Structures are given as structure tokens and as C-alpha cells.
Amino acid sequence: MSEWWRGCVIYQIYPRSFQDSTGDGVGDLPGITSRLGHVAKLGADAIWLSPIFPSPMADMGYDVSNYTDIEPLFGSLRDFDALVAEAHRQGLKVIIDQVLSHTSEKHPWFIESRSSRSNPRADWYVWADPNPDGTPPNNWPSVFGGPAWEWDGVRRQYYLHNFLIEQPDLNFHNPAVQDALLETMRFWLERGVDGFRLDTVNYYFHDPKLRSNPPEKRDDPRPTVNPYDMQDHRFSKNRPENIAFLNRMRALLDEYDDRMLVGEVGEQGHRAVEIMAEYTKGRDRLHMAYSFDMLKDFFSAEYFATKIKAFFKHAPDGWPCWSFSNHDVIRHLSRWEGHGANRDALAKLTAAMLLSFRGSVCVYQGEELGLTESDLAFEELTDPPGIRFWPEYKGRDGCRTPIPWDASNPCNGFSTVVPWLPVKPAQAARNVAEQEMEPGSTLAFYRAFLAWRRQCPELHDGDLRFVETTEPVLAFERSGSGGGRIACVFNLSAHQTERVTAKGAVLAAGAPTEGATLAEGRLTLAPNGFAFLVPEAEGAEMGIRS
């Protein structure tokens with residue numbers, strides 16, 4: 001079996017916002033198929049499709065009502081098969097989102113489960129009796145606000161929902177549930193998908209004793225915007241039983257050639273990278289995993305180095321997948337704008353940095369255009385937590401607005417009618433068509449960098465060794481099995497900085513370096529500048545000092 005996923009670049013597509021082919025204002029599968037050339041030309045290795053299954057759309061598809069069909073809003077199984085065939089023709093792998101921890105309340109499994117306490121699927125979900133005073137069995141909160149328990153008058157019990165009330169949690173302690181979910185995955189493997197992105201992979205199991213979570217140890221005693229962040233969720237997720245189910249999933253995928261599992265670890269703090277490592281170590285769990293650690297506001301050389309070091313310390317044989325943006329968080333150019341000389345400089349710096357880390361990479365649609373978070377009014381929101389926690393938290397709609405393909409109509413080539421979320425002027429100005437005509441655009445940089453990266457085995461799966469230097473410079477050396485070495489140096493500030501290099505270092509020929517000069521052993525980096533150095537002769541030193 002090949003390990004195509006190791007060091008690959010995955011382009012995340014949010015189907016509702018990629019391309020509308022039917023004129024209803026919502027993206028769909030034929031629309032995605034028509035735009036695959038953009039992804040292939042960018043230089044990605046695979047696409048990841050956010051959920052495309054039938055759904056009432058309470059959480060925009062993350063509430064699945066049928067695991068083995070396509071949501072009519074997006075098309076049909078025939079459309080999906082056509083997409084897979086075209087993606088493969090263009091050299092792209094296809095990864096689909098699997099939301100296994102919970103279903104929609106409209107899923108036939110849940111409808112049957114809630115009908116009585118004695119039906120064949122009565123324990124397919126997490127049900128619990130109330131306390132004598134009628135309150136829920138414990139203190140577990142929902143990620144989206146309020147308690148994680150909802151009362152059902154038919155069964156006269158509570159059911160668990162870690163997210164929306166409309167998203168009841170499956171009971172993974174029941175082997176029949178595991179068997180059923182694995183069969184739904186087999187359905188898509190037989191249709192030719194190359195891998196699965198596993199939503200909330202650390203939420204599958206709960207503590208069967210339903211013990212209450214202790215408070216989180218926090219430096220700031222003030223209440224958080226979302227009370228969920230005030231607990232240590234040791235009993236409601238991250239359970240040790242999860243490993244055995246990961247083993248079962250891996251065994252299923254190993255029945256097929258060249259398939260892959262990447263898990264989303266929904267966790268905060270130091271435990272996130274540790275769980276990533278635990279879930280990917282060895283060869284019988286996930287192929288790779290990612291967490292929200294690099295999807296936060298923190299932006300420093302020390303922070304990035306600490307997270308990468310921690311992963312490989314805990315799982316030297318594991319594999320991470322890093323990303324700076326996705327459909328759940330504020331776009332990184334908005335989160336980190338205070339560190340950029342300008343938007344393009346910051347976009348190019350963060351792209352070069354992310355694509356040089358050891359691991360695989362996810363690029364969220366629009367990153368290659370330098371898109372920032374869309375500023376939406378309250379009445380334009382569709383996201384439940386954004387509506388609930390407004391205005392302190394504005395939800396996830398701002399990163400989900402449609403891709404601006406051109407300036408041909410008010411919908412920027414995405415649709416022929418008003419789209420489900422608006423395209424604002426700041427995003428429309430950075431459309432694909434106009435950037436394709438600009439040699440120095442962010443889009444041109446992504447294409448050039450990914451083309452260069454393909455020629456560098458050191459950046460694909462080589463080892464990584466951090467170089468000790470001071471803020472705001474992040475520096476590390478990548479080395480490949482063939483003896484090649486590349487020193488990667490990044491200025492994470494909006495100010496010029498200098499570093500001393502060994503005499504044997506030279507700028508890498510053909511590398512898409514920005515704002516860097518090297519003369520007589522002194523490397524000068526412009527604001528948000530970066531450089532890639534190689535030894536002038538075999539065995540030459542490339543040391544970097546403050």
C-alpha cells in the first residue's frame with residue numbers, strides 16, 4: 001500500500017459555498033465537479049467534502065438523517081459518483097466527512113429508539129433516568145449552550161446531545177451501533193472514496209457511570225462566554241474505550257487499498273496534541289489527526305514549535321495534519337491580522353509556514369485567495385451558536401460565505417441568484433479571476449509554492465529539527481532520507497529582522513521566498529518575510545543565530 005496521505009495537501013470544500021449549478025443559491029455536487037480544475041491547478045492532492053448526506057440542516061449537515069445517500073439539495077448518488085470519477089481523473093483523492101458521534105433526531109434509528117424503552121434500538125442512543133427531583137443525571141453541558149441532556153416525554157428519560165438538541169448522541173457501548181456505523185463506511189468505500197474525515201472523533205464514548213465533570217483549572221476565574229469551556233470534560237469525552245473502536249475502523253479501511261482516516265480532535269489545551277498523538281501512534285489506529293491548537297489566536301514562534309514538538313514527543317511514529325483555518329473558526333488572516341504588514345504578506349507567510357511543517361496539511365477553501373472573515377449582521381446569520389451567543393460570539397457563518405469566482409454578477413460567479421450567505425465587498429474584491437491575472441497575487445503564490453513543494457521530498461515527509469532562535473523568528477531544518485536539507489526561516493512580525501547564518505548557507509534556488517536577502521552570512525527578513533536555505537556544498541553548515 002502507498003502512503004499518499006503522508007505529507008499530502010488536502011483542500012477542504014464546504015459544499016454549500018463552493019459552486020451553485022442549479023440557481024437556488026446553494027452550492028452542490030455538480031458545481032463542485034465543475035470547479036475541480038481550480039483545486040487541481042492549485043496543486044492539492046485531495047479534496048475533503050464537508051457533510052453531503054441527507055439532513056434537516058439544523059447544523060448545516062452535521063445532523064445526519066441517512067448515512068448512505070446524498071442530500072437532495074446537493075444532488076444525487078449519481079452526481080457523487082461523477083464527482084469521484086472526475087476528481088480521480090484530475091489526480092485528486094476524495095475524502096468525505098463522517099459524523100459518527102451523533103445523528104439527527106430525524107434519523108430512523110432515533111425515531112425508533114425514542115418510541116419506547118423496549119424496541120430493538122432502545123439503547124442505540126444515550127438515555128438516562130432523571131434525578132429524583134427531575135433534573136438531568138449529571139452536569140454535562142452542550143458545546144452549543146445549555147445542558148447536554150434533553151427530556152423526552154415518551155420514554156420519560158433524558159437523552160444526551162453534546163451539540164444541538166436535534167443531534168442526539170449514539171451509544172458506542174452498544175456493539176450493534178458500532179457494526180451499523182462501520183457498514184455505512186463500507187458503503188462509501190465501495191463507491192470509491194479514498195478516506196474519511198472523522199468529525200469529533202474523541203466524542204464517541206461517554207462514561208457509562210455518567211459521573212459529573214470537574215471544573216476546568218483556569219487562570220481567569222471569570223465566567224467564559226460559553227460555560228462549556230469551564231469544565232474538564234473527562235467523563236463526557238476522551239474516554240479510553242475509543243481506542244478499540246479506532247482499531248475496528250482501521251481494520252475496515254485496511255481491507256481496501258490506499259484508504260485513509262483523519263480525525264478531528266475536539267479538545268482544548270495540552271490534552272489536544274496528546275490525544276492526536278495517542279490516536280495516531282502505531283499502525284492500527286487513525287492514519288492522522290488534527291486538533292484546534294493551530295486554529296486559535298495564539299501566534300508566536302514558541303507556540304507553533306511547542307505544539308509540533310509535543311506531538312512527536314508523544315507519538316514519534318504518529319502523523320499529524322495541521323491547518324490554520326476551517327469551517328468552524330474565524331479565518332486565520334482575521335485572527336492574526338495584528339501580526340501582518342498587510343494581508344498579502346501575512347497570507348504568504350502563513351501559507352509558507354504551514355506547508356513547511358512536518359505532517360499533512362489542510363487548506364480551507366478561500367485561503368488561497370487570502371480571504372478574511374466576512375462581517376455579517378445578526379439578521380444574516382444561520383449558525384445556531386452564533387445566534388445564541390451574539391454579539392460576543394458571532395458564530396461560524398463568517399468563514400462559510402461563498403467563494404468569489406469572478407466579478408461577472410452580484411453573486412461573483414458562485415450563483416445566478418442571491419446566495420444562502422452574502423458575499424461581502426471585502427471578499428468579492430479578492431475573486432479568483434482577478435487574482436489569476438496578477439503574477440504577485442496570493443493565489444499565484446499558493447500555486448507556485450505547492451509546485452515547488454512537490455519537488456522537495458524534505459518538505460513532504462522529511463524529519464524536522466527546530467533551530468534555537470528568538471522571537472519573532474521561527475526556524476527549523478527539514479531533512480530527507482536522500483540526504484537533502486532545507487532550513488526554513490520565518491519572520492512572524494510586521495517589522496524587519498536579521499539573523500546570522502553559517503557561511504555555507506545559500507538561498508534555495510526556485511524557492512518562492514518573500515522579502516529575504518542573504519549576504520555575507522547575514523539573513524535579512526522583511527516584515528512577514530521568509531527564506532528557505534540549503535547548504536552550498538554537501539555537509540556545509542546552515543546554522544542560524546539571533
| said: If Leu261 satisfies all but one of (1) within 23 Å of Gly395 (Cα to Cα); (2) surrounded by 19 or more Cβ atoms within 10 Å (Cβ to Cβ), what's the number of the condition it fails? | reply: (1)
| query | Looking at region 207-229, which of its residues are in contact with a strand residue (DSSP E or B) (Cβ under 7 Å, 6 or more places away or on another chain), among the hydrophobic types (A, V, I, L, M, F, W, C) and at pLDDT below 95? | reply | none
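So which residues in region 122-163 are outside any loop (DSSP other than H, G, I, E, B) and of a type in the set (A, V, I, L, M)?
First, pick out the residues of region 122-163 that are outside any loop (DSSP other than H, G, I, E, B): 125, 127-128, 141, 147, 149-152, 157-160.
Scanning region 122-163 gives Ala128, Leu160.
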| request: Look at region 383-395 and say how many of its residues are crowded, with 20+ Cβ neighbours inside 10 Å and in contact (Cβ under 8 Å) with a residue 60 or more places away in the chain. | output: 2
| query | If you take the residues in region 493-514 that are polar (S, T, N, Q) and modelled with pLDDT of 95 or more, which one is nearest to Met542 (Cα to Cα)? | reply | Thr497
| field | Count of region 309-340 residues which are crowded, with 21+ Cβ neighbours inside 10 Å and over 16 Å from the mean Cα position of the chain (by Cα) | value | 4
| query | Within region 457-493, how many residues turn out to be buried (at least 16 other Cβ atoms within 10 Å of the Cβ), within 21 Å of Ala345 (Cα to Cα) and either within 24 Å of the chain's Cα centre (by Cα) or not polar (S, T, N, Q) (or both)? | reply | 10
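Let's see how each residue does on (1) within 29 Å of Val489 (Cα to Cα); (2) more than 20 Å from the chain's Cα centre (by Cα); (3) in a loop (DSSP other than H, G, I, E, B):
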{"residue": "Ala352", "(1), (2), (3)": "yes, no, no"}
{"residue": "Ser356", "(1), (2), (3)": "yes, no, yes"}
{"residue": "Cys362", "(1), (2), (3)": "yes, no, no"}
{"residue": "Leu371", "(1), (2), (3)": "yes, no, yes"}
{"residue": "Asp375", "(1), (2), (3)": "no, yes, yes"}
{"residue": "Pro391", "(1), (2), (3)": "no, yes, yes"}
{"residue": "Trp420", "(1), (2), (3)": "no, yes, yes"}
{"residue": "Ala426", "(1), (2), (3)": "no, yes, no"}
{"residue": "Arg430", "(1), (2), (3)": "yes, yes, yes"}
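Being part of a loop (DSSP other than H, G, I, E, B) and either of a type in the set (Val, Ile, Thr) or not assigned by TED's automatic domain parsing to the domain that holds Ala58 (or both): is that true of Thr382 here? Outline the logic, then answer.
Numbers: part of a loop (DSSP other than H, G, I, E, B): yes; either of a type in the set (Val, Ile, Thr) or not assigned by TED's automatic domain parsing to the domain that holds Ala58 (or both): yes.
In short, yes.
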| query | Would you call Arg250 modelled with pLDDT of 95 or more, assigned by TED's automatic domain parsing to the domain that holds Tyr67 and basic (Lys, Arg)? | reply | yes
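The values are calculated or read from the model by the stated rules, or taken from the named source; none is laboratory data. Everything quoted here is computed from the prediction, not taken from an experiment. Virtual Cβ from ideal backbone geometry, glycine too; neighbours counted across all protein chains shown.
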